[in-house]
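The values are calculated or read from the model by the stated rules, or taken from the named source; none is laboratory data. What you see is a predicted model, and the numbers here were worked out from it, not measured in a lab. A quick note on method: Cβ atoms are made from the backbone with ideal geometry, for glycine too, and the neighbour counts reach across all protein chains shown.
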């Protein structure tokens, strides 16, 4: 169509053609979701946002109630070949090993040090909790924040050779910005550890620490001489996954979101809580990993980010399912 | 001084006098803390805010880090003759009694129904927890929110004959607005139950639900047919008091506040966490209840809002102590 306008300029309609060109170009420039193909998910997002932001209509939602919640792993950044949190824990075991010579002969640490993922898997949840306790506790919250921040700033993903904070989804960054430009307040509600996200979510996603909800271990306040500290204890405080997500949303946000974005069965209850039974329009979206070439392809059978039940009920509940391969022009931001 | 300017107008300096008058009047109008007397606390607050908001100085704090935390009971609203939460629980026992004929003969409910505060006190913390379980649990979060909202909207304080939401401190409302006008984000960090505050904090304090931190009971997500609910369980989830306050601040805000406002020993650790050991300027303030005529006078010996240790260490830590009688022109908002 643009091409047609340009060639018509030869018969004296140059001015009109130029004006139209400008209009088309302005529209292209102002597309808030340029990395999304013009397929159903983009149309559904835009339709929802226009519906709840159009004043004097029954579907209008006041700004204070425009709460949008986003899972992190697999929804905003990549979760393969393993959760970034797990990569962090394994790296920590390796870098702490010289202080723990006994780990050479003790599972699950031996498995980590030898890169024996089969033995690690065999250690199960109990083994994983031992690793978390050893690597995430026993220091102050300030100390841990520095460790996490330093690690995330230096480590590279083995396949893409980029920092994990660059393996975030460009279309989702655009979506976050688009929602905020329309008066939404955006929150992360992740199964991941809260203190591993907070050092970088504001810079990367535009989401400040106070809008990041996640799993956590217990901390204890102490005065160390004149200096107050929060000591990290080797005990789980809260697992922000599955049915824990709506619980945390209610406790920490105190309002029911009107939009939820996830990618796995861990987000099922958050999607249900957000979209079912409310009196205003609601929006639910699932990112389906279908692009083995540009990222990964997985759903029902995967160790990390299993998507099975939520995929089955998505059409029944009217949730939008993003086919990463077909619906996204670009996966990661440009280098 | 204003008077002096006015009488000098007789000798032809009328225009100058009028101009000065306007300037003085504009200054008075623009005083952001008009209910505060011009005593030390007001000067300290203004000096702190000017310090952290003046760019290109070593004390400047970027807007995103201007976090201010406020206790609620006794700091933002009245906590005598008993915490509003306790008044709510006792009222709930009375209104639920017809469904529980056995309460007539069972402590601690019998004590509540007979108004026997001595027997109630004798039931201790165990008795109180039984009352909380009976009155705050066993319904959905939506149902509880409606109960709390209806109650707070209709009940009147016995002494002042006003809704509790009008027994908030006018000088503190001005302080909240002043801080926000200077780029601060204001949070409540209260020992009170979170769900009893959230229905009204935005309207009364300008603090939205997601910036209200408080005590809570456990909730559980369930699908009731097609409708997702959060069921309130008779189990304590978190007590947001004393050493719990810094723990909750770290977990829920994820940044160290630069200003904290409290009134009792329950706020001691929050004040310590905020003001001690940070690298930027910090501000701590304690509201000291010294005005039996206009409100209440209490500190070291009271059932509710005991202020003892925090009062002792306030001068050592450089915390500002507000003498309600001397420092506040007005206690409650005009009717």
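Things worth noting here:
- Where residue B:323 falls short, out of the listed (1) farther than 23 Å from residue B:47 by Cβ; (2) surrounded by fewer than 19 Cβ atoms within 10 Å (Cβ to Cβ); (3) within 19 Å of the chain's Cα centre (by Cα): (1)
- As a summary of the residue check, residue A:334 satisfies the conditions (1) part of a loop (DSSP other than H, G, I, E, B); (2) in the same structural domain as residue A:72 (by TED's automatic domain parsing) except for the one numbered (2).
- Residue that is nearest to residue B:315 (Cα to Cα), among those in segment B:243-261 that are assigned to a helix (DSSP H, G or I) and within 7 Å of chain A (Cβ to nearest Cβ): B:246
- Meets criteria (part of a loop (DSSP other than H, G, I, E, B), within 16 Å of residue A:81 (Cα to Cα) and touching a strand residue (DSSP E or B) at 6+ places or on another chain (Cβ under 7 Å)) for residue A:295: yes
- Residues within segment B:259-285 that are closer than 25 Å to residue B:62 by Cα and in contact (Cβ under 8 Å) with a residue 24 or more places away in the chain, tallied: 18
- For segment B:38-72, filtering for residues that are in a loop (DSSP other than H, G, I, E, B), within 14 Å of another protein chain (Cβ to nearest Cβ) and surrounded by 13 or more Cβ atoms within 10 Å (Cβ to Cβ) leaves 1.
- With respect to (1) in a strand (DSSP E or B); (2) within 13 Å of chain A (Cβ to nearest Cβ); (3) in contact with a helix residue (DSSP H, G or I) (Cβ under 8 Å, 6 or more places away or on another chain), the lone exception for residue B:286 is condition (2).
- In summary, residue A:281 fulfils each of the numbered conditions (1) buried (at least 21 other Cβ atoms within 10 Å of the Cβ); (2) touching a helix residue (DSSP H, G or I) at 6+ places or on another chain (Cβ under 7 Å); (3) part of a loop (DSSP other than H, G, I, E, B) with the single exception of condition (1).
- Filter result for residue A:299 (modelled with pLDDT of 95 or more, loosely packed, with under 15 Cβ neighbours inside 10 Å and either in the same structural domain as residue A:76 (by TED's automatic domain parsing) or in contact with a helix residue (DSSP H, G or I) (Cβ under 6 Å, 6 or more places away or on another chain) (or both)): no
- Hey, residue A:75 in a loop (DSSP other than H, G, I, E, B), surrounded by 20 or more Cβ atoms within 10 Å (Cβ to Cβ), modelled with pLDDT of 95 or more and assigned by TED's automatic domain parsing to the domain that holds residue A:246 or not: yes
- In segment B:142-164, the residue that is nearest to residue B:187 (Cα to Cα) out of those that are surrounded by fewer than 19 Cβ atoms within 10 Å (Cβ to Cβ) and in contact with a strand residue (DSSP E or B) (Cβ under 9 Å, 6 or more places away or on another chain) is B:142.
- Residue B:68 falls short of the stated requirement of being assigned by TED's automatic domain parsing to the domain that holds residue B:259, under 25 Å from the mean Cα position of the chain (by Cα) and without any contact (Cβ under 8 Å) to a residue 24 or more places away in the chain.
- Scanning segment B:221-237 for residues that are crowded, with 20+ Cβ neighbours inside 10 Å and within 13 Å of residue A:271 (Cα to Cα) yields B:221, B:228, B:229.
- Between B:255, B:306, the distinction of being touching a helix residue (DSSP H, G or I) at 6+ places or on another chain (Cβ under 8 Å), under 30 Å from residue A:189 (Cβ atoms) and surrounded by fewer than 21 Cβ atoms within 10 Å (Cβ to Cβ) belongs to B:255 only.
- Number of positions in segment A:183-195 that are out of contact with any strand residue (DSSP E or B) (no Cβ under 7 Å at 6 or more places or on another chain) and surrounded by fewer than 24 Cβ atoms within 10 Å (Cβ to Cβ): 1
- Among the conditions (1) more than 9 Å from every other protein chain (Cβ to nearest Cβ); (2) at positive phi, the only one that residue B:264 does not satisfy is (2).
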